[in-house]
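Okay, structure first, notes after.
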Amino acid sequence: MQRKSSLSFWLTAPLLWLVALPALAQIALESQVQKVEHIEHDDGQVETRLVDADSVVPGDELRYTISFRNEGDEPIDPNSIVITDPLPRATRYIDGTAFGAGARVTYSVDRGQSFADPEALYVESNGTRRQATPEDYTAIRWEFEPGLEPGEASHVSFNVQLR
Amino acid sequence: MNPNKYLARGAGVVLLSLLGVNAWALGTDAGTTVTNSVTLQYQVNAVPQTELEAEVSFVVDRALAVTVVNQDSDVVPIISGQTYSGNAGIPALNFDVTNISNDDLDLLIGVVDQDGIPVTGFNNQGPDAFNGSNVIVAIDTDGNGVYDDGVDQQLTQVGNHFSLPASEMTRDEPLRLLVVVDVPSGLSAGDQATYTLVAALADGTAVITNDDNGNATPGGTAAPVAGFDPTLVQDVFADAASMNAEDVAYDFLGDAPVLSQGGVSIGQHSATGAFVIARPDLDISKVVEVLWDPINLNRYASAGSNTLSDEEPKAIPGALLMYVIGVSNDASSNYSVSDLEVTDELVAELLEGNDTGESPGDIYLPESVTLTLNGSPVSLDLPATPDLDQVTVVGCDGSTSSESYSGGSPAVDVLLGACAPGETGLVVYFVTLE
């Protein structure tokens with residue numbers, strides 16, 4: 001299932017033609033979920049398949065893919081694209097699965113109030129402060145260094161397990 | 001049958017799971033909507049643009065699974081002729097049944113009589129088998145592992161099987177079920193009766209015949225795999241295969257056993273236990289010793305000592321003889337016995353008790369005697385100062401009592417009481433040779 005959200009800045013008030021025009025940039029953003037199957041063959045090789053998430057039960061592994069495309073006329077600034085994804089409730093993040101080409105990936109353990117590299121994340125557990133584990137993550141953030149030219153697309157993804 | 005997405009896709013491949021059989025135990029409830037919302041911020045020409053947002057959702061489907069685990073460490077001893085109606089403490093087969101689905105579900109329980117086939121890992125008896133009658137399944141309400149009529153709640157019988165409503169269970173918590181039978185009379189020790197308990201997922205008293213993933217329960221027909229609809233709660237049989245070959249399946253539609261091992265994703269699970277007719281391994285042995293005669297006097301140097309006196313009293317008229325009868329329930333026996341009664345007849349030449357004319361205090365008893373019981377020598381301690389005119393009984397529990405001779409035939413007729421495996425009791429009495 002996917003849902004598209006887009007925003008355009010089409011200015012129609014004549015008075016505003018006198019001021020600097022906002023960029024005619026438009027990004028299409030899509031989010032998709034699929035189920036991940038790991039299949040071991042007789043020779044020991046493990047194949048990973050992505051299938052429709054039409055039968056999803058606790059214990060299943062899911063992959064979320066967030067795709068975005070510059071459908072406008074202006075390039076998107078380098079070092080400006082930031083994607084933030086609070087992990088869905090009833091899921092746990094699977095370590096090492098966050099992907100985003102050219103992006104710095106950081107994580108949150110406080111539902112997105114702050115983000116940091118894994119080694120800098122700590123949580124309180126039974127009155128004791130300890131280093132966070134992937135199970136503690138509550139949100140992921142991708143900060144892209146490259147910009148996005150008109151017509152160019154990119155995506156990020158991560159895997160979770162349904163609790 | 002369509003390929004099962006969760007467990008295999010045809011020969012030669014196995015679908016790996018992140019978790020084991022209990023992956024969905026305590027899992028997210030079926031019907032829960034899981035939504036992922038993502039935001040994207042960006043700038044154009046250093047001007048921040050309005051944040052974008054997208055989301056995707058799906059509904060958690062029903063993972064249907066139940067587990068059955070036999071909780072008996074071995075075959076369960078039972079007595080031939082035993083019936084359960086109106087009785088307490090009846091030996092039963094113990095099974096733990098757990099609904100590990102992510103939804104509350106009713107269960108159907110089938111019991112398969114498999115004659116006396118061996119159970120994996122058990123000290124099986126047989127090969128002779130017996131069939132119990134009036135088979136029931138009960139919840140072990142008082143948690144003592146045996147059936148207590150009027151206390152443990154019997155499941156409602158529906159045809160040949162039983163109904164276990166969801167209201168009797170807590171999801172992910174084992175429920176102890178007891179399989180109880182009436183046992184025919186006249187059976188031999190070691191006869192075995194093997195029963196498999198099968199639990200199937202149901203809606204009310206109707207078995208769930210198929211899921212939306214191409215699987216069917218025994219006797220059911222698989223339906224086509226449901227189309228892609230993330231808003232619909234679909235059923236997925238997620239049960240593991242039963243563990244051993246004797247853990248067979250049950251066709252709840254035809255209400256009859258399926259005598260092959262329960263497989264994966266069939267909406268049911270099974271385990272097996274067995275009764276065996278109890279084999280109390282009793283042995284009895286008897287020794288006699290001349291303690292005193294009027295010429296040689298005492299065999300022993302003093303009372304309560306095994307030191308001999310260097311005399312050899314003979315069985316001549318006027319001699320006092322000691323009889324010791326030992327009764328043992330062997331340690332390897334699998335059942336306690338009760339109401340043990342020992343009888344012994346005296347020949348006419350033997351007079352009951354001390355009729356020697358000698359003062360009892362001048363006739364010395366040894367500290368112990370040795371008998372062979374269950375193939376091994378057993379040293380039995382004797383009472384220090386028994387009444388030579390009474391029959392002394394030392395019960396298996398170690399208690400000592402004095403009993404009179406019966407006054408009839410047999411002359412010795414005493415109750416030894418209960419005797420657990422590994423325990424020994426004894427009877428001691430004295431006679432005078434006429």
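Coordinate-derived values only; no laboratory data. Not measured: the values here are computed from a predicted model. Ideal geometry is used to build each Cβ from the backbone, glycine not excepted, and the neighbour counts take in all protein chains shown.
Taking chain B as a Gaussian network of alpha-carbon nodes connected by springs under 10 Å, the highest mean-square fluctuation of the residues B:38, B:135, B:47 belongs to B:47.
Each Lys or Arg adds one and each Asp or Glu takes one away; over the other residues whose Cβ falls under 14 Å from the Cβ of residue B:317, this sums to -4. I'd like the FRET efficiency for residue B:245 and residue B:133, computed as 1/(1 + (r/R0)^6) with the beta carbon distance as r and R0 of 35 Å, rounded to 0.05. After rounding, the FRET efficiency stands at 0.85. Run the paramagnetic zone check for residue B:311: 7 angstrom along Cα to Cβ, then residues of the stretch B:332-372 with backbone nitrogen under 13 Å. So the set is B:358-359, B:362-365.
Take every residue in peptide A:81-88, count the Cβ atoms of other chains within 10 Å of its Cβ, and give the average of those counts. Before the final figure, lay out each step's value.
Working: counts 4, 6, 6, 7, 6, 4, 1, 9.
The shielding value for this peptide is 5.
Only residues of the stretch B:398-434 count here: report those whose backbone N is under 17 Å from the spot 7 Å along Cα→Cβ of residue B:339, or say none. The answer is B:414-420.
Taking every DSSP bridge with both residues inside chain B, close to 95 percent are antiparallel. Summarising the strand pairing of the stretch B:63-277, around 90 percent of its internal DSSP beta bridges are antiparallel. Comparing B:208, B:325, B:100 in a Gaussian network model of chain B where C-alpha atoms under 10 Å apart are linked, the largest mean-square fluctuation is found at B:325. Rounded to the nearest whole Hz, the Karplus-based 3J(HN,Hα) values (6.51 cos²θ - 1.76 cosθ + 1.60, θ = phi - 60°) of the stretch B:244-251 follow the sequence 10, 4, 7, 7, 7, 9, 9, 8, with x at glycine and proline. Here the Karplus relation 6.51 cos²θ - 1.76 cosθ + 1.60, evaluated at θ = phi - 60°, turns the backbone of the stretch B:360-372 into coupling constants of x, x, 9, 10, 9, 9, x, 6, 7, 10, 10, 10, 9 Hz, with x for every Gly and Pro. Counted by neighbouring Cβ atoms within 10 Å, the residues B:170, B:356 run from fewest to most as B:170, B:356.
Expected output is a single nm value to one decimal: the length gained when fully extending between residue B:74 and residue B:223, i.e. 0.36 nm times separation in residues minus the C-alpha distance. What is it?
On the way: separation 149, 0.36 × 149 = 53.64 nm, distance 4.07 nm.
Full extension from residue B:74 to residue B:223 adds 49.6 nm.
Electrostatic tally near residue B:121: other residues with Cβ closer than 13 Å to its Cβ, Lys and Arg +1, Asp and Glu -1, net -4. Note on residue B:350 and residue B:255: the extension gain reaches 27.3 nm, defined as 0.36 nm multiplied by sequence separation minus the Cα-Cα distance.
If the segment from residue B:399 to residue B:264 were pulled out straight at 0.36 nm per residue, it would be longer than the present Cα-Cα gap by 42.9 nm. Neighbours of residue A:97, meaning other residues whose beta-carbon lies under 12 angstrom from its beta-carbon, give a summed charge of 0 when Lys and Arg score +1 and Asp and Glu score -1.
Remark: the stretch B:351-356, residue by residue, has Karplus-estimated 3J(HN,Hα) of 9, 5, x, 8, 10, 7 Hz, where x stands for each Gly or Pro and the curve is 6.51 cos²θ - 1.76 cosθ + 1.60 at θ = phi - 60°.
At a 10 Å Cβ-Cβ cut-off, how would you order B:211, B:413, fewest neighbours first? Before the final figure, lay out the partial values.
Values: B:211 29, B:413 18.
Result, fewest neighbours first: B:413, B:211.
Under 5 Å between amide hydrogens, built in the peptide plane, is the criterion, and for residue B:158 it picks out B:163 among residues at least 5 positions away or on other chains.
Under 5 Å from the amide H of residue B:281 lie the amide H atoms of B:330, B:333, B:334, B:335, each residue being 5 or more positions distant or on a separate chain, with H modelled from the backbone and absent for Pro and chain starts. If you restrict to DSSP beta bridges whose two residues both lie in the protein assembly as shown, what percentage is antiparallel, to the nearest 5? Of those bridges, close to 95 percent are antiparallel. Neighbour counts of C-beta atoms inside 10 Å place B:314, A:35 in the sequence B:314, A:35, starting with the fewest.
Take the Cα of residue A:101, go 7 Å toward its beta carbon, and the backbone nitrogen atoms of the stretch A:125-163 under 19 Å from that spot belong to A:142-159. For residue A:132, the amide hydrogen comes within under 5 Å of the amide hydrogens of A:121, A:122, A:123, counting only partners 5 or more places away or on other chains and with H modelled in the peptide plane. Among B:199, B:223, B:238, the largest mean-square fluctuation in a Gaussian network model of chain B, built with springs joining Cα atoms closer than 10 Å, belongs to B:223. Peptide A:136-145 has a mean shielding of 1, counted as Cβ atoms of other protein chains within 10 Å of each residue's Cβ.
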